[in-house]
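Just below is one structure, and these are the notes that go with it.
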Amino acid sequence: MGHSMIYKILAKKIGDQDFKAGEIYMTPADLVFTHEVGTAGTMRVLDKIGATELYPIEMVIISDHFVPASILTHAINQKKARDFAKKYGIRNYFEIGRAGIGHQVLIEKGFIRPGEIAIATDAHATTYGALGCLGIGVGVTDMAVLLASGQYWLKYPKVLGIRLEGKLRPGVSAKDVALKLLGDLGTDNLIYWMVEFYGSGVSTLSIDSRACLCNMMSEGGVKSCLVAPDNLAMEYVSARTDKKFTPFVPDEDAYYDKYLTLDLDKVEPMVAIPDTPTNCVPRKSVSGVEIDQAFIGSCTNGRIEDLRIAAAILKGKKVHPNVRLIVSPASHEIWQQALNEGLLTIFNQSGAVVTNPTCGACIGAHGLLAPGEVCIATSNRNFKGRMGSIDAKIYLASPETVAYAALTGRI
Amino acid sequence: MSQVIKKKVVAILGDDVDTDVIFPARYLGTFDEQETANHLFEDVDPSFRNKVKNGGVVIVGKNFGCGSAREQAAMALKYAGVTMVVAVSYNRSFYRNAINNGLLLMEFENPEDYQAFKEDNQLIVDYASGIIKNETTGREIRCLAPNKFILDIISAGGICQLIIKNQSKNGGKLCLL
């Protein structure tokens with residue numbers, strides 16, 4: 001039988017062998033990314049193990065979680081990230097105002113390349129699968145050990161192959177696909193699994209959509225996601241990097257531990273209801289729920305495609321009087337593009353708050369919910385207390401669903 | 001790692017306990033061991049820290065530690081005193097972070113065995129072979145036995161200790177093997 005993408009990527013990195021699910025393999029990484037929290041934590045562990053120099057791996061450091069710093073702890077961590085970059089001569093350190101949310105910045109600046117392994121101190125590293133790059137989210141100890149030794153212990157996962165067919169209908173987006181899969185499969189079928197997407201439906205999805213899909217699948221507890229890179233992905237990456245890379249697509253007869261076919265035409269708008277992202281239902285079954293806040297942004301849905309969809313709905317209209325709308329473009333490149341296209345003016349005139357690119361409202365760094373309030377967000381998690389009070393409720397949906405809810409005051 | 005652990009069940013939690021409730025995001029800036037423990041379950045059950053301060057086993061449902069890859073969730077449990085967590089399943093990043101920090105994790109072979117425990121049950125646990133004897137009820141529960149490399153990490157007390165220990169056989173270099 002043929003091979004999956006993760007098999008091929010690992011075979012290239014550590015030698016072709018009979019990879020077995022559950023077994024542990026030591027792997028290298030092509031790229032590592034740490035945000036300010038991860039950098040500060042990683043430094044602490046590097047000190048603990050007495051590492052004085054870093055293994056030569058391309059590294060990117062971006063402060064994105066709590067920017068600009070609102071409390072002293074965050075300011076101190078951001079200083080640590082800056083100091084770390086200076087101490088080790090990390091050229092790819094991006095100061096606030098010059099990058100945005102790390103996952104999006106890595107993609108748009110050409111750091112994410114097909115066939116490579118990128119490891120980050122953040123669970124949403126799965127996003128890199130949009131370009132056929134194996135993205136793995138880790139804690140700070142894993143990161144420090146990788147930076148000190150050049151090695152990462154990888155438990156080979158079971159692999160789920162999902163054949164995408166057809167094309168999404170108007171008003172349905174990649175977020176709905178992710179919520180549909182999370183709801184149908186649940187964490188029981190996804191924890192520690194690798195998910196690979198291939199088939200004719202892939203080429204109907206933009207890179208932004210693929211990034212959203214891979215990002216959101218993280219919430220099922222997957223090891224990672226990969227989308228088979230096509231011409232669109234190759235052109236996207238080639239326009240952004242001079243570095244050579246080897247893309248991998250699955251063989252026609254690739255072995256998967258489980259196979260699934262998803263007809264994109266049949267996906268309908270979905271919503272994750274409180275308090276887990278895998279608690280997904282069709283939008284129509286929760287229509288009418290009143291909201292206090294709407295949020296459009298995050299590493300899941302703060303891309304230009306998302307902002308265009310939301311702005312088209314909000315153009316010339318006002319956000320419902322009982323609702324606050326927060327819009328956070330995912331990167332400064334997107335922020336500038338949204339400005340050039342007049343999208344920020346539309347948001348501003350509709351009564352929305354447009355913030356700087358940051359994880360912000362998604363992680364409860366600002367835009368907090370008071371007890372009893374209800375929010376609908378394009379972000380990725382609706383756990384209790386995620387966006388403020390543990391007595392607030394969070395619904396997750398696509399930019400289209402959230403924009404309509406902001407206008408009408410209800411889902 | 002052959003020693004047997006004798007501890008009581010100090011808490012039983014349900015499914016999908018996420019890292020936001022284990023360790024709220026507003027404290028993400030801190031990595032001080034004791035400080036992480038101070039915020040364990042702060043928003044949902046501040047009394048939890050008292051229950052585990054003298055050690056003990058926490059029994060949990062499926063997908064424990066889901067959500068963020070924040071390492072402080074595993075650190076907070078360990079430094080608050082938790083000896084071991086036994087789960088139906090773990091979220092992968094929590095699983096890795098806990099092992100790397102030397103926190104003992106076990107996983108039921110049969111998910112229904114989650115029901116076989118009550119608070120204060122006295123347990124005798126053989127981690128390396130994956131067997132838990134519930135002395136209070138007399139039942140023996142099987143868990144998945146840890147992989148050899150994971151056993152090496154746990155025996156060393158965490159991955160940092162392992163990599164330091166391995167230095168001598170690798171000419172002073174920091175290596176996982």
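The values are calculated or read from the model by the stated rules, or taken from the named source; none is laboratory data. Small disclaimer: the values here were computed from a predicted structure and weren't measured. Note that each Cβ is placed from the backbone with ideal geometry, even for glycine, and that neighbours are counted across all protein chains shown.
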Pairs needed: first member in region A:278-292, within 14 Å of chain B (Cβ to nearest Cβ); second member anywhere, modelled with pLDDT of 95 or more and not in a loop (DSSP other than H, G, I, E, B); C-beta distance under 6 Å; at least 6 residues apart or different chains. A:278/A:182; A:279/A:272; A:280/A:179; A:280/A:182; A:280/A:183; A:280/A:270; A:280/A:272
Of all residues in region A:216-269, count the ones that are within 21 Å of residue A:127 (Cα to Cα), touching a residue at least 60 places away in the same chain (Cβ under 8 Å) and among the charged types (D, E, K, R). 4
So in region A:326-353, with the set limited to residues that are closer than 17 Å to residue A:375 by Cβ and among the aliphatic types (A, V, I, L, M), which one is surrounded by the fewest Cβ atoms within 10 Å (Cβ to Cβ)? A:353
Residue check: is residue B:177 among the hydrophobic types (A, V, I, L, M, F, W, C), over 18 Å from residue B:8 (Cβ atoms) and assigned to a helix (DSSP H, G or I)? no
Check off (1) polar (S, T, N, Q); (2) crowded, with 21+ Cβ neighbours inside 10 Å; (3) out of contact with any Gly (no Cβ under 6 Å at 6 or more places or on another chain) for residue A:126 and give me the number that stays unchecked. (3)
Can you name the residue in region A:83-94 that is assigned to a helix (DSSP H, G or I) and free of Cβ contacts under 8 Å to residues at least 24 places away in the same chain and is also farthest from residue A:366 (Cα to Cα) among such residues? A:87
Condition check for residue A:82: of a type in the set (Lys, Arg) and more than 20 Å from residue A:298 (Cβ to Cβ): yes
Looking only at region A:10-29, decide whether some residue is in a strand (DSSP E or B), out of contact with any His (no Cβ under 6 Å at 6 or more places or on another chain) and of a type in the set (A, V, I, L, M, F, W, C). yes
It is to be established whether one or more residues within region A:75-86 are of a type in the set (A, V, I, L, M, F, W, C), modelled with pLDDT of 95 or more, more than 21 Å from residue A:213 (Cβ to Cβ) and in contact with an Asp or Glu (Cβ under 6 Å, 6 or more places away or on another chain). yes
Can you tell me which residues in region A:219-246 are closer than 25 Å to residue A:175 by Cα and of a type outside the set (A, V, I, L, M)? A:219, A:220, A:221, A:223, A:224, A:225, A:229, A:230, A:231, A:235, A:236
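Does residue A:115 count as farther than 27 Å from residue B:73 by Cβ and either over 17 Å from the mean Cα position of the chain (by Cα) or not basic (Lys, Arg) (or both)?
So residue A:115 fits the description; yes.
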If you check residue A:80 against the conditions, is it assigned by TED's automatic domain parsing to the domain that holds residue A:123, assigned to a helix (DSSP H, G or I) and within 27 Å of the chain's Cα centre (by Cα)? yes
What residue, among those in region A:378-408 that are away from every other protein chain (no Cβ under 13 Å) and surrounded by fewer than 20 Cβ atoms within 10 Å (Cβ to Cβ), is nearest to residue A:304 (Cα to Cα)? A:407
Test set (1) under 16 Å from the mean Cα position of the chain (by Cα); (2) within 14 Å of another protein chain (Cβ to nearest Cβ); (3) not charged (D, E, K, R) - residue A:129 fails condition number: (2)
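Within region B:154-173, how many residues turn out to be at positive phi and at the interface with chain A (Cβ under 9 Å from one of its Cβ atoms)?
Kept after step one, since they are at positive phi, are these residues of region B:154-173: B:157-158, B:171-172.
Subset that is at the interface with chain A (Cβ under 9 Å from one of its Cβ atoms): B:158.
Adding up the residues that qualify gives 1.
When you go through B:151, B:176, B:144 one by one, which is the residue that is crowded, with 19+ Cβ neighbours inside 10 Å, on the phi < 0 side of the Ramachandran plot, within 12 Å of another protein chain (Cβ to nearest Cβ) and not small (Gly, Ala, Ser)? First the steps, then the outcome.
Values: B:151 fails: crowded, with 19+ Cβ neighbours inside 10 Å; B:144 fails: crowded, with 19+ Cβ neighbours inside 10 Å.
The conditions single out B:176.
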